[in-house]
Amino acid sequence: MRWRASGVVLALLAAVFGCTVWIAGQHDEPAPAGVQRLGPEAGEPVAIYLRRAGASLPAGHSARWALVQLDSYLTPERAAELSRGVRISKVVLRVPLPRLQTALITRDLPGQRPVAELAGAQRSAAIERLAASRAAPDSRHAAVAAAEAAQLKQGCACVLALLVFGDGDALHLVAKRPDARVVQAALPDTSVEDLAIAPLLPEQSDIAGPVPDDGPIPVALRR
């Protein structure tokens with residue numbers, strides 16, 4: 001997999017098993033020059049971002065890349081249903097463990113068989129998080145990664161965001177469906193290589209900032 005810093009919002013992410021992985025709340029570097037960020041800026045009030053993102057949707061048949069952000073974490077089946085009429089290009093996964101910073105994992109998808117591709121992304125992410133648990137620097141990080149792996153393997157509601165391609169009419173339809181919090185479209189003629197993805201988390205309702213990391217590891221998932 002060839003590394004390109006412009007493909008994601010963070011320049012220091014680790015590419016593992018074809019995934020890009022970073023930890024929610026630990027990094028928030030600005031996008032490189034010439035790269036458009038889809039998602040809120042660090043510290044941006046959520047209400048302001050939602051208005052800004054909603055106003056980005058084009059009208060009619062103008063086709064754009066867009067980031068679909070969710071009211072809640074979705075299963076692969078529900079995420080595929082939400083994306084009807086547009087093509088999924090990337091998925092961002094996160095296991096929502098209460099008050100724990102967990103990994104955000106991106107996967108490129110062909111966009112031909114959404115349910116199967118999203119489910120496959122979760123299975124491979126489970127393998128990656130299990131490997132991360134074995135290489136973790138301490139027992140807490142190991143336990144969190146193992147908990148993530150267990151949830152992903154079980155087919156959890158762990159879809160956080162979708163990067164899609166579609167025309168204005170289709171993007172407006174997606175934005176109106178249940179489960180869609182907001183859809184932010186890229187500027188015209190922006191290539192996917194020039195997009196930085198920094199999705200809003202469903203639990204972020206005030207400020208787009210770091211998430212807490214003071215919760216206990218779920219007892220049932222401790223190693």
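Remark: region 44-57, residue by residue, has Karplus-estimated 3J(HN,Hα) of 6, x, 4, 4, 5, 4, 4, 5, 5, 5, x, 6, 7, 5 Hz, where x stands for each Gly or Pro and the curve is 6.51 cos²θ - 1.76 cosθ + 1.60 at θ = phi - 60°. For region 120-169, pairs of C-alpha atoms spaced more than 15 angstrom apart make up 51 percent of the total. Ordering Ser56, Ser83 by the number of other Cβ atoms within 10 Å of each residue's own Cβ, fewest first, gives Ser56, Ser83. Compared with the direct C-alpha span, the chain from Arg140 to Gln36 gains 33.9 nm at full extension, assuming 0.36 nm per residue.
All Cα-Cα distances of region 79-121, cut into 10 Å bins from zero to the largest, leave 28, 47, 22, 4 percent in each bin in turn. Distance between the C-alpha centres of region 66-129 and region 135-149: 21 Å, rounded to the whole angstrom.
Peptides 57-65, 164-172, 145-153 ordered by packing proxy, namely the average of other Cβ atoms within 10 Å per residue, highest first: 145-153, 164-172, 57-65.
About its Cα centre, region 135-223 has a charge dipole of approximately 540 debye under the convention of +1 per Lys or Arg Cβ and -1 per Asp or Glu Cβ, with nothing else charged.
Each principal axis of the Cα cloud of region 138-223 was evaluated for its coordinate range; sorted largest first, these ranges are 47, 28, 25 Å. Using 1/(1 + (r/R0)^6) with R0 = 35 angstrom and r between the beta carbons of Ile48 and Ile127, what's the FRET efficiency to the nearest 0.05? It comes out at approximately 0.35.
Read-outs throughout are calculated quantities, based only on the coordinates presented, and are distinct from any laboratory measurement. Because the structure is predicted, anything quoted here is derived from the model rather than measured. We place every Cβ from the backbone using ideal geometry, glycine too, and count neighbours over all the protein chains shown.
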